[in-house]
Structures are given as structure tokens and as C-alpha cells.
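The values are calculated or read from the model by the stated rules, or taken from the named source; none is laboratory data. Because the structure is a prediction, the values reported are computed rather than measured. Neighbour counts run over all protein chains shown; Cβ positions are idealised from the backbone, glycine included.
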Amino acid sequence: MAIPDFQSIMLPLLKFAGDKNEHSLREAIDYHADDFGLSESEKRDRLPSGLQATFDNRVSWAKTYLQKAGLLESKKRGYFQITELGLNVLKESPPKINIIFLMKYPDFIKFKKRRKEPKEQKVEGALATPEELIESAYQQLRDDLVVEILEHIKNMSPTFFERLVVDLLVKMGYGGTRKDAGESIGRSGDGGIDGVIKEDRLGLDIVYIQAKRWEGSIGRPEIQKFAGALLRRMGKKGIFITTSSFSKEAEQYVDNLENKIVLIDGEKLAQYMIDFNVGVSPMSLYEIKKIDTDFFTEG
């Protein structure tokens, strides 16, 4: 099933707290993940930043909204329990609890007015948490940047592409110095290999490289040629970088090889360039802060 939005979690979460015991957020997350029948993949699904699991974030915000309405309370850090008001709501047996339902409570109305947020904002069809809205906008900007990067690369010369590959691999920790890496790439002369680069500064292992500016999908024959070149060199590791994509057959072929070959398509290449600040520069920085509960602890 799809991961439920945070409004869909509100009533189940209140019912979960209906035993009047204190519960940790982690306990609630694990319980509801099973209760909603989430798959392992859905449990692991993360926000675009990768900093938090999507479902964890939604349970946390369901708890926050219930607390702001006075249906839940937190008497110690990391734990929550139901209030008398929350117990009264359960006695009413509402079919669902959502933002509209919570608007009957004065404390929640004050909370909403302070937030000054639009009535309804969605991500992938579901009402989004604040973090999801921020990260959705960030992801859209990043996706647009990927397209722009690839357009620029395809308009540059093969020499520029070779230099780009060197810069990226050095930023990722390969090749020792840029001078070492630059001397290695583009000097192989082997039909299936464009160059070699040290795996680390000590040169304990060598990685063979094929870099192609390509328009169509790269198929299995090209990867086989590269794998054969590795075999002739007795190489164990290779990186095949392209500005286009790889066919399914090419990807399956690599999965079954004894030697390790990593395929980097155009999108991955652009993503790595963004991650390691190659060909891009920061435009704006926004810090997202949260309360430091330790600071507000007396004793």
C-alpha cells in the first residue's frame, strides 16, 4: 500500500495512546508501520534529503498536530500520552481525525494562525508535512539542475568531458592529486579503456575507466568490450561513465560479472556533480532548526 499521509495517521495514533500509558515516538512508528501493513521498502523510504524516513516524519507530525489540539501531551522528552480531552474524543468514535476536525479546538486554531500556512498543500497527491513541502521544492530544483547540467555537457568538447571526469573522480576521493589523475586518464590506448585512476592516494588498487559522450542507450556489447579490456589488463574494477543511459541488458550483464563494473549514466553523473560541487555553485543556503530540548531542561 502507499505510505499514508499524516492526517490518516491521526486517529490510529490517538487510539494507540488510548491505553493511557506513556509511549515513545519510536514505539508508535514501529507499531503503525505494521498496523498499516507497510512493506520493508516503504518503511525504508526516505525524504529527498535522506535525513529521515518518510513514514517516521508523518507519524511525528500527526503526533504534533494532536498535541497542539490538546488531545495528546508530553510530560517527558521523547514520550507522549493521551489527555482527558483525547479520551473524550475516542468516546465519540469519530470516523476520522484530520485538520478540519481539529479546528474545533481553540489551542489548535491558535497554532494554525501562528503558522500562517495555506489551507492545503500536497506532495504526490497526499497532504504534506512541512518537511515534505521543503524537500519537494528542493528536489524539483535539483531535478531541473540535472537537466541543465547534461545539456551543457553535451554541448562541450570531448576534451572538456575528459577533464570533467577527472575533476569529479578526484573530488570523490579517487586518483590522489588532480595531476596524477589527469596523467592517467586518456592515455590508455586500449580499445575498451579510456584511462586508469588510483582507487586511493596510496594507489593500492587501480580502477579502469571508460567515458563516453553518447546520445542513444548504451547496450550490452559496449559493456562486454569494456569488460574484455579489463580482463586483458587483469583489472578487477571499472567505471563506465556516459552522458546518456544504459540498456536493461547492459545493467543485467554487469550484475553477473565477477569483476566489479560500476555504470554511471547521465543522470547519475549530474547528481554526483551536484553532490561534490563540480560545475555548480551554491546560490542560497537555508538552515532548518528545531527546538533544543536539553537547553530547556532544569536541574
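Here is how the numbers come out for the structure above:
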read-out	value
Given (1) among the small types (Gly, Ala, Ser); (2) in a loop (DSSP other than H, G, I, E, B); (3) over 24 Å from GLN140 (Cα atoms), number of the condition GLY50 does not satisfy	(3)
Criterion violated by ARG58 - all others in (1) part of a loop (DSSP other than H, G, I, E, B); (2) among the basic types (Lys, Arg); (3) under 19 Å from SER136 (Cβ atoms) satisfied	(1)
Conditions (1) at pLDDT 95 or above; (2) touching a helix residue (DSSP H, G or I) at 6+ places or on another chain (Cβ under 9 Å); (3) not hydroxyl-bearing (Ser, Thr, Tyr); number of the one not met by GLY78	(1)
Test for LYS76: is it under 22 Å from GLU27 (Cα atoms), part of a loop (DSSP other than H, G, I, E, B) and of a type in the set (Lys, Arg)	yes
Test: residue in segment 257-280 that is under 27 Å from the mean Cα position of the chain (by Cα) and among the aromatic types (Phe, Trp, Tyr)	yes
LYS91 at pLDDT 90 or above, touching a helix residue (DSSP H, G or I) at 6+ places or on another chain (Cβ under 9 Å) and either within 30 Å of SER281 (Cα to Cα) or surrounded by fewer than 16 Cβ atoms within 10 Å (Cβ to Cβ) (or both)	no
Residue list for segment 18-39, restricted to those being assigned to a helix (DSSP H, G or I), in contact with a helix residue (DSSP H, G or I) (Cβ under 7 Å, 6 or more places away or on another chain) and within 10 Å of ILE82 (Cα to Cα)	GLY18
Flag for ALA128 being within 27 Å of ILE29 (Cβ to Cβ), within 26 Å of the chain's Cα centre (by Cα) and either modelled with pLDDT of 90 or more or not hydroxyl-bearing (Ser, Thr, Tyr) (or both)	yes
Any chance ARG187 is of a type outside the set (S, T, N, Q) and modelled with pLDDT of 90 or more	no
Top-ranked residue of segment 246-278 - restricted to ones that are modelled with pLDDT of 90 or more and in a loop (DSSP other than H, G, I, E, B), ranked as surrounded by the most Cβ atoms within 10 Å (Cβ to Cβ)	ASP265
Cβ pairs under 6 Å, 6+ apart, first in segment 1-20 and assigned by TED's automatic domain parsing to the domain that holds GLN81, second basic (Lys, Arg) and surrounded by fewer than 22 Cβ atoms within 10 Å (Cβ to Cβ)	LEU11/LYS96
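Conditions tested, residue by residue: (1) at pLDDT 80 or above; (2) assigned to a helix (DSSP H, G or I); (3) closer than 12 Å to THR243 by Cβ.
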| site | (1), (2), (3) |
| --- | --- |
| ALA137 | no, yes, no |
| ARG142 | yes, yes, no |
| GLU148 | yes, yes, no |
| MET156 | yes, no, yes |
| PHE160 | yes, yes, yes |
| LEU164 | yes, yes, yes |
| ASP167 | yes, yes, no |
| VAL170 | yes, yes, no |
